[in-house]
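Trainee: Encoded as structure tokens, here's the structure I'll be asking about.
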Amino acid sequence: MRIYCLEDEDSIRELLIYTLEATGFSPVGFTEPKALYAALEHPPLPDLILLDIMLPGEDGISVLRRLRRRADTRGIPVIMLTAKSGEVDKVRGLDEGADDYVTKPFGMMELVSRIRAVLRRAAPDEDAPLYLGPIMLDPRRHRVEVAGSEVALTVKEFALLELLMAHPGQVFTRDQLLTRIWGYDAAVETRTVDVHIRTLRQKLGKGSALIDTVRGVGYRMEVPT
Ligand code: CA
């Protein structure tokens, strides 16, 4: 788990890096917002950001606001490090979307447990319902709805739709779909995939246009604009 720490105070930042490394994280320290922004231009993005409030150049609240406006950084959990309780109120009052706050001086083990709690909350729920255009697929209830009406799918059609919806925009070849849905050894022809896509499209009605045929390659789920 990569954690970016934007903290200008050397002693605190060094202690953070030391503690995070010792507890199994991969921390990277930054002393000013500019350095953090530069690092965010180069993926992989961090799993979490620790953000001080009083910083040189730009304060942490403004940094948080920027992170929340960028599509690629919007979802990264942020824990604010605040020097006085007044700042906590300010952050809360502004409601800029920090995931948690710790007030200095804080215990390192307390911070680590807060980090773990925030990461747990942020972890994608594998079984969460998927939504794309008018289509809703709920793996837990094995249910598909198009514009609120239930659509009855076969087990294979459901698995096919679930795979495509879980990776919107990604093209799957017929062979990949065969391997993933029917299993590698299954004695089925690639034509089977086309047949299932056809019945799936018929059943999806209004949602059918979201399944793209990529000529000569395979299929993909369109990302609705
Ligand atoms: Ca500071």
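Trainee: Scan the range 35-78 residue by residue and report those that are of a type in the set (D, E, K, R) and more than 16 Å from the ligand (Cβ to nearest atom). Give the derivation first.
Mentor: Quick first cut of the range 35-78, residues of a type in the set (D, E, K, R) only: 41, 47, 52, 58-59, 65-66, 68-70, 72, 74.
Hits for the range 35-78 are 41, 47, 65, 66, 68, 69, 70, 72, 74.
Trainee: Out of all the residues in the range 191-213, is one or more in contact with an Asp or Glu (Cβ under 7 Å, 6 or more places away or on another chain), without any contact (Cβ under 8 Å) to a residue 24 or more places away in the chain and surrounded by 12 or more Cβ atoms within 10 Å (Cβ to Cβ)?
Mentor: Checked the range 191-213: at least one residue is in contact with an Asp or Glu (Cβ under 7 Å, 6 or more places away or on another chain), without any contact (Cβ under 8 Å) to a residue 24 or more places away in the chain and surrounded by 12 or more Cβ atoms within 10 Å (Cβ to Cβ).
Trainee: Condition first: away from the ligand (no atom under 14 Å from the Cβ), surrounded by fewer than 17 Cβ atoms within 10 Å (Cβ to Cβ) and under 15 Å from residue 66 (Cβ atoms). Now tell me which residues in the range 1-34 satisfy that.
Mentor: Within the range 1-34, 34 is the sole residue that qualifies.
Trainee: Further, regarding this structure: Kindly provide the set of residues from the range 22-57 that are in contact with a strand residue (DSSP E or B) (Cβ under 6 Å, 6 or more places away or on another chain) and farther than 19 Å from residue 120 by Cβ, ordered by number. Don't jump to the end; show me each part of the working.
Mentor: Let us first name the residues in the range 22-57 that are in contact with a strand residue (DSSP E or B) (Cβ under 6 Å, 6 or more places away or on another chain), namely 25-30, 36, 46-53.
Scanning the range 22-57 gives 28, 29, 30, 36, 51, 52, 53.
Trainee: Next question, about the same structure. Scanning the range 171-189 for residues that are hydroxyl-bearing (Ser, Thr, Tyr) and either in contact with a Cys (Cβ under 9 Å, 6 or more places away or on another chain) or closer than 18 Å to residue 155 by Cα (or both), which turns out surrounded by the most Cβ atoms within 10 Å (Cβ to Cβ)?
Mentor: Taking the range 171-189 as the starting set, the residues that turn out to be hydroxyl-bearing (Ser, Thr, Tyr) are 173, 179, 184.
With either in contact with a Cys (Cβ under 9 Å, 6 or more places away or on another chain) or closer than 18 Å to residue 155 by Cα (or both) added as a condition, the list becomes 179, 184.
Values: 179: 14, 184: 8.
Once the filter is applied, the top-ranked residue is 179.
Trainee: Still on this structure: Taking the criterion of being modelled with pLDDT of 85 or more, within 15 Å of the ligand (Cβ to nearest atom) and either touching a Ser or Thr at 6+ places or on another chain (Cβ under 9 Å) or not assigned by TED's automatic domain parsing to the domain that holds residue 48 (or both), would at least one residue in the range 83-99 satisfy it?
Mentor: No, the range 83-99 contains no residue that is modelled with pLDDT of 85 or more, within 15 Å of the ligand (Cβ to nearest atom) and either touching a Ser or Thr at 6+ places or on another chain (Cβ under 9 Å) or not assigned by TED's automatic domain parsing to the domain that holds residue 48 (or both).
The values are calculated or read from the model by the stated rules, or taken from the named source; none is laboratory data. Owing to the predicted nature of the structure, the values given are computational and were not obtained by experimental measurement. Note: ideal-geometry Cβ built from the backbone for every residue, glycine included; neighbour counts use all protein chains shown.
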